[in-house]
Amino acid sequence: MLGSTPALHLASALEITPCLLLPAASPSQSQAKRLPSCRDRCTARNVGDSLHRFWEALSGICSRTIQHQDSQVNRLCISPDKRYLAAAGNQVVKLYDIKSTNPSPVLTFEGHTGNITGVAFHCEGKWMVTSSEDGTVKIWETRTGTIQRSYSHGCPVNDVVIHPNQGEIISCDRSGYVRVWDLAENTCAHELTPEPDVSVSSVTVASDGTLLCAANNSGNVFIWKIEQEYNGTRMVPVTQFSAHKEYITRVLLSPDVKKLATCSADHTAKIWEIKDSPSKPGEQPKALPLEATLTGHQRWVWDCAFSADSAYLVTACSDHYARLWELHSQQIIRQYNGHHRGAVCVALNDYSETR
């Protein structure tokens, strides 16, 4: 372990190629003191292919590959106990044991009839939620892989997240809706329309449950304050602004709720400062302060993941690279490549979260 930096395991789904990683130049001594530990890993995956690659974040070594049979992979999610990797593909989610050498999934979740676009775990791993192009959001019992509930959007669903209170799930769809599902009441508690008829591509909720952010295909970001009330939650609009001129593919709040990352088709990822300065009545909504524009990607940036201390960001790009960024310096610490097609999703296994 180097200093007090987090332990990052980079897990990405990338295309089938030899397990080759061409690391960036060796970091300076000062950089090395701040870098994630070799125990940390990242996994990524590529467009139209089905191989997961596990990299040691610091060394850049590809430590493991897993063949995901019969389907491309759209999203990756690591379980709260750091034991399992959920890989969401076409109609199925496969659950892999991260520490095992067995390349076969320990469980397969079947029940969707279209591409699965989002996946998230309950805080104790008891259940899992998925969103799909088949128009539904489904809740699964993780021990048996059975469907417990299914909610209908009536159109393709692009993303889903779980509120930290574990009592609500939030999903978004191509018709431009964001829906909040109350699990206790088993109903849709809120239906938000950020921009009518514009597909909402991604949603993210703050780790402390105070904010909800959504992004759409127009490149706009929308933020609501989540207020807890006796009979549920209330969504209070905070601001909206144009973050990119092209599609936003992913929006993600940092664990410390001080940063918002946006990934885009404009070949950049941007970091915005979360600031509590709501617009006054009649006043034009204010954009969040822009902290950084992460340039160097050659194609669409599809996905990202923060380290537990919010100091690092991993991005996945169509230019065949996953990149590890130090946000303070806005520098690329590592590049993970050796692939013939683009990386479209990434997960980061930060062991420091469990210490």
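The values are calculated or read from the model by the stated rules, or taken from the named source; none is laboratory data. Since we're looking at a predicted model, the values are computed, not measured. Methodologically, a virtual Cβ is constructed for each residue, glycine included, from the backbone with ideal geometry; neighbour enumeration extends over all protein chains shown. The accessibility values were calculated without ligands, DNA or RNA, using every heavy atom of the protein model including side chains. Shrake-Rupley method; radii C 1.70, N 1.55, O 1.52, S 1.80 Å.
Taking all protein chains together and a 1.4 Å probe, the residues Thr262, Thr187 rank Thr187, Thr262 from largest to smallest accessible area. Sites listed here are GluC sites (Glu not before Pro) in the stretch 192-252 whose DSSP assignment is loop and whose Cβ has at most 16 other Cβ atoms within 10 Å: Glu246. The convex hull of the Cα atoms of the stretch 124-349, projected and averaged over all directions, covers 13.3 nm². When only alpha carbons of the stretch 187-289 are considered, Rg and Dmax amount to 13.4, 44 Å. On a per residue basis, the convex hull of the C-alpha atoms belonging to the stretch 223-355 measures out at 137 Å³. Close amide-amide hydrogen proximity is noted between Asp159 and Cys172, each under 5 Å apart and 5 or more residues distant or on a separate chain (H modeled in the peptide plane; Pro and chain starts excluded). Each principal axis of the stretch 106-246 carries a Cα extent, and these read 43, 35, 23 Å when sorted largest first. Karplus-based coupling profile of the stretch 144-154, in residue order and whole Hz: 10, x, 8, 7, 9, 8, 9, 10, 9, 9, x, with θ = phi - 60° in 6.51 cos²θ - 1.76 cosθ + 1.60 and x standing for Gly or Pro.
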